[in-house]
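What follows is a single structure, written as structure tokens, with notes after it.
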Amino acid sequence: MSAYADEEIYEVFARNKADQPLHHVGYVSAPSPELAGVYARSIYDEFMWIEMIVVPRAAMHSVIET
Amino acid sequence: MSDELAPELRRALADLLLGLVDTKQQLGYRYAEWCTGAPTLEAATAASAMAQAELGHSRAMLPLLDAFGDLLPAEALGDQRQITRAAPGLELSFAGWTDFIAANTIIDGVLTTLFELATSSTYKPLQSRTRKMIEEERYHSAHGQGWTLKLARGGGSAVELLRTRVAELLDATLGWLESFDIDTLAQAGVLSGGRDELRSRFLQRLQPTLKACGLADEALAR
């Protein structure tokens, strides 16, 4: 995964069943959430997801870190 | 089913279907050439996915040509078929990533606009194939727009090159659209809008890209 100066890391979460929670499947580097979504959809296509979201890593708050 | 159509309508429909099949096939080939050459690994994966989608769409539509064999050139049919009716700008390999993005935006965009006008088509073999294609094209559009904005933000020679290529492709693509008998197709309900509606929707779809390239006003004057 590459990271241009104008890009940031987006964590990718998805689920393939309605009764499952979203779980972390990977990350992408992208200049916008829209492009991150395009990348995530094409890279993490191993299942027929029913939901996928991307979250900027910078927006995530660490709670426990050992 | 095509035998039931009026001769003028059959000719117009055969020509449009060939244009769609050929353009998607050629666009898929051009995208595929960048599976190993895109600027980032993410973009390469997206190029690969888009190539697969375009070739899949072309293959899914290919059987539709069978009903019009008497109207189409012999080289457009059969196992060894050749591409004869693709949108201009795809004849040669893309010279650079900006060419890829320009085609991604302009040519992918015009195809999606055409399919959107066919979602309630009276010609069921076409109508039944539109939903999945439009859904997948949503991501192609986001890719083209995302990269256009990225290049525009970066400024410099890349955006100049993109502006030039977008302007060239837009002119060529509008000319290609004019070559189809869209109004005959619209009058029969094969498409839900005529030539003016198609052109207007296409330019509207391109607005974010054209604005980013500084071409919005110029495009409206075309």
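The values are calculated or read from the model by the stated rules, or taken from the named source; none is laboratory data. Just so it is clear, the model here is predicted, and its values are computed rather than measured. When we count neighbours, we look across all protein chains shown, and the Cβ atoms used for this are built from the backbone with ideal geometry, even at glycine.
Taken together, B:118, B:102 contain a single residue that is under 23 Å from residue B:178 (Cβ atoms) and in a loop (DSSP other than H, G, I, E, B), which is B:118. Residue A:26 passes every criterion in (1) within 14 Å of chain B (Cβ to nearest Cβ); (2) at negative phi; (3) modelled with pLDDT of 95 or more apart from (2).
Within the option set B:139, B:123, being buried (at least 21 other Cβ atoms within 10 Å of the Cβ) and among the aromatic types (Phe, Trp, Tyr) holds for one residue only, B:123.
Yes or no, residue by residue, for (1) over 19 Å from residue B:141 (Cα atoms); (2) over 21 Å from the mean Cα position of the chain (by Cα); (3) among the hydroxyl-bearing types (Ser, Thr, Tyr); (4) at pLDDT 95 or above:
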| residue | (1), (2), (3), (4) |
| --- | --- |
| B:42 | no, yes, no, yes |
| B:46 | no, no, no, yes |
| B:51 | no, no, no, yes |
| B:57 | no, no, no, yes |
| B:61 | yes, no, no, yes |
| B:65 | yes, no, no, yes |
| B:74 | yes, yes, no, no |
| B:77 | yes, no, no, no |
| B:83 | yes, no, no, yes |
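Listed by first and then second residue, the pairs linking a residue in the stretch B:34-62 that is within 14 Å of chain A (Cβ to nearest Cβ) and free of Cβ contacts under 8 Å to residues at least 24 places away in the same chain to a residue that is part of a loop (DSSP other than H, G, I, E, B) and among the aliphatic types (A, V, I, L, M), with Cβ atoms under 7 Å apart and 6 or more places separating them unless they lie on different chains, are B:41/A:1; B:42/A:1; B:44/B:38. Note on the stretch B:134-222: enclosed helices (runs of 4 or more DSSP H) holding 1 or more residues that are among the β-branched types (Val, Ile, Thr) and closer than 16 Å to residue B:23 by Cβ are B:156-178, B:182-187.
Of everything listed in (1) free of Cβ contacts under 8 Å to residues at least 60 places away in the same chain; (2) aliphatic (A, V, I, L, M); (3) surrounded by 15 or more Cβ atoms within 10 Å (Cβ to Cβ); (4) part of a loop (DSSP other than H, G, I, E, B), the single unmet condition for residue B:87 is (1).
Reported count of residues in the stretch B:125-167, each being more than 10 Å from chain A (Cβ to nearest Cβ), over 17 Å from the mean Cα position of the chain (by Cα) and free of Cβ contacts under 8 Å to residues at least 40 places away in the same chain, is 6.
Checked against (1) closer than 28 Å to residue B:150 by Cα; (2) within 14 Å of chain A (Cβ to nearest Cβ), residue B:30 meets all criteria but (2).
Would you mind stating whether residue A:52 is more than 10 Å from chain B (Cβ to nearest Cβ), surrounded by 12 or more Cβ atoms within 10 Å (Cβ to Cβ) and hydrophobic (A, V, I, L, M, F, W, C)? Yes; evaluated as a whole, the condition is true for this residue. Taking (1) buried (at least 19 other Cβ atoms within 10 Å of the Cβ); (2) modelled with pLDDT under 95 in turn, residue A:6 satisfies each apart from (1).
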